[in-house]
1. What residue, among those in segment 115-137 that are part of a helix (DSSP H, G or I) and of a type outside the set (A, V, I, L, M), is farthest from H61 (Cα to Cα)?
2. Within segment 101-137, track down each residue that is polar (S, T, N, Q), within 16 Å of the ligand (Cβ to nearest atom) and in contact with a strand residue (DSSP E or B) (Cβ under 7 Å, 6 or more places away or on another chain).
3. Can you tell me which of R247, R187 is modelled with pLDDT of 95 or more, within 18 Å of the chain's Cα centre (by Cα) and basic (K, R)?
4. Quick one: T90 ticks every box in (1) among the β-branched types (V, I, T); (2) in contact with a Pro (Cβ under 8 Å, 6 or more places away or on another chain); (3) farther than 30 Å from R2 by Cα except a single one, so which number is it?
5. Hey, could you check segment 138-160 for residues that are modelled with pLDDT under 95 and either under 18 Å from R221 (Cβ atoms) or assigned to a loop (DSSP other than H, G, I, E, B) (or both) and say which is nearest to the ligand (Cβ to nearest atom)?
6. Looking only at strands (runs of 3 or more DSSP E) that lie completely in segment 161-246, which have at least 2 residues being touching an Asp or Glu at 6+ places or on another chain (Cβ under 7 Å), open to solvent by less than 60 Å² (accessible area, probe 1.4 Å) and on the phi < 0 side of the Ramachandran plot?
Amino acid sequence: MRALVLSDIHGNLEALQAVLDAASGWDALWNLGDIVGYGASPNEVIDLIRPLSSLTVRGNHDRVCCGLTSPNGFNPVARAAALWTREELTAENTEWLRALEQGPLHPAQPGVTCAHGSPLNEDQYILSMRDAWAPLQQMTTSITFFGHTHLQGGFSQKEHDWHELRPAYASANEAGSWVFEIPAETRQLINPGSVGQPRDYDWRAAYAIYDTEAATITFHRVPYDVVRAQGRILMAGLPERLALRLREGR
Ligand code: ZN
């Protein structure tokens, strides 16, 4: 079984389209949330991803953009984008977001957990080994996929052995992939990276494919029409910073 694992699309239609065009031969799609917020195509993104997804975890931006919680905890740029998205969303898409389940969730595939932030707290960022420690100890499955940080990679543990995973790519502008062979009897916290707003200094859309038979996770980056996505953000009157950061990948 091959699962396409996506996170943090953030209303970026061009990036999502590039990922779906590039990713082939998958049997299930696990979406780790933050489908909307920041980008200028929230409805188009929901309409595209909704029928393809086998599992969707609610993200913190999804929660705010559909009005379940207030944007007061957000920085001014994120708040402006969330309030714009609230106005923009159709009634149907708002209802769909409101009904999304909070993580952690378990897909049909055994041994896997899917979360937006930490599996212990959806709003918590797993940025370092220190952040990863408690979730790795308390995990009930050998693999947990998470998002929220917009940083592709993860954390791996076998007894007293700890590793941070950071995919390395041959090129910075073309499509690339990096295969991680999952060692036996390890625990993995894996972030597929952000489709629509990467923050690891790589502007390309990120995703991962989990192959259960091969016991591999392949990280991917794919170029997309970033100029078009930026144009939509500017045309929508969203903060300019949201357009600029897409090309910087941070
Ligand atoms: Zn996010």
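1. Our first condition is that a residue be part of a helix (DSSP H, G or I); within segment 115-137, this holds for 129-137.
Adding the requirement that they be of a type outside the set (A, V, I, L, M) leaves 130-131, 133, 135, 137.
Values: R130: 25, D131: 21, W133: 25, P135: 22, Q137: 27 Å.
For segment 115-137, the residue satisfying everything is Q137.
2. Across segment 101-137, the qualifying residue is only Q124.
3. The match here is R247.
4. Unmet for T90, out of (1) among the β-branched types (V, I, T); (2) in contact with a Pro (Cβ under 8 Å, 6 or more places away or on another chain); (3) farther than 30 Å from R2 by Cα: (2).
5. Here the residue is M139.
6. Answer list for segment 161-246: 216-222.
The values are calculated or read from the model by the stated rules, or taken from the named source; none is laboratory data. Quick caveat, the model's predicted, so the values are computed rather than measured. We place every Cβ from the backbone using ideal geometry, glycine too, and count neighbours over all the protein chains shown. SASA here: full protein model, heavy atoms, side chains in, ligands and nucleic acids out. Shrake-Rupley method; radii C 1.70, N 1.55, O 1.52, S 1.80 Å.
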